[in-house]
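Contents: one structure, followed by commentary.
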Amino acid sequence: QVQLVESGGGLVQPGGSLSISCVNTGIIFRFAAWDWYRQAPGKERELVASITYNGMTTYSDAVKGRFAISRDNAENSVYLQMDSLEPEDTAVYYCVLGGNYWGQGTEVTVSS
């Protein structure tokens, strides 16, 4: 059924930028909202960004002004553009579709 494939994670220096993506390659779930969560070792999972089908976005205070979520409904995909990255942004990032389906995670490491 739903298959969420994430990509784009990696190592970036503080102040740098990175874009990660998630594509639903399984059954179509076109009208559902997309979320990005992240979890750092030893820390609680955190919701960082959400976008509805109609494009309404929300962000956590920690990332607002630095991250931008977008979606391509024709491609069944969601993206997270991350700018001005800080070491505190280091985490595994997960896309979530419809509040129920999770991607495999992509690691983002911010370090000099």
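The values are calculated or read from the model by the stated rules, or taken from the named source; none is laboratory data. These numbers were taken from a predicted model, which means no experiment stands behind them. Quick reminder, even Gly has a Cβ in these numbers, built from the backbone with ideal geometry, and neighbours come from all protein chains shown. Keep in mind that these areas ignore ligands, DNA and RNA; they rest on the heavy atoms of the full protein, side chains included. Shrake-Rupley method; radii C 1.70, N 1.55, O 1.52, S 1.80 Å.
Mind checking whether some residue in region 18-33 is out of contact with any strand residue (DSSP E or B) (no Cβ under 7 Å at 6 or more places or on another chain), closer than 23 Å to Gln3 by Cβ and β-branched (Val, Ile, Thr)? Within region 18-33, one or more residues are out of contact with any strand residue (DSSP E or B) (no Cβ under 7 Å at 6 or more places or on another chain), closer than 23 Å to Gln3 by Cβ and β-branched (Val, Ile, Thr).
On inspection, Lys43 fails the criterion of being within 14 Å of the chain's Cα centre (by Cα), assigned to a loop (DSSP other than H, G, I, E, B) and not aliphatic (A, V, I, L, M).
Among the residues of region 20-37, is any touching a Gly at 6+ places or on another chain (Cβ under 8 Å), farther than 17 Å from Gly99 by Cβ and surrounded by 14 or more Cβ atoms within 10 Å (Cβ to Cβ)?
yes
Beta carbons closer than 8 Å, at least 6 apart along the sequence or on distinct chains, pair a first residue in region 78-89 that is in contact (Cβ under 8 Å) with a residue 24 or more places away in the chain and more than 12 Å from Ala49 (Cβ to Cβ) with a second that is among the hydroxyl-bearing types (Ser, Thr, Tyr) and open to solvent by less than 70 Å² (accessible area, probe 1.4 Å) for Asp83/Ser17; Ser84/Ser17; Leu85/Ser17; Pro87/Ser111. Taking the conditions (1) in contact with a Gly (Cβ under 9 Å, 6 or more places away or on another chain); (2) touching a residue at least 12 places away in the same chain (Cβ under 8 Å); (3) closer than 23 Å to Gly10 by Cβ in turn, Tyr59 satisfies each one other than (2).
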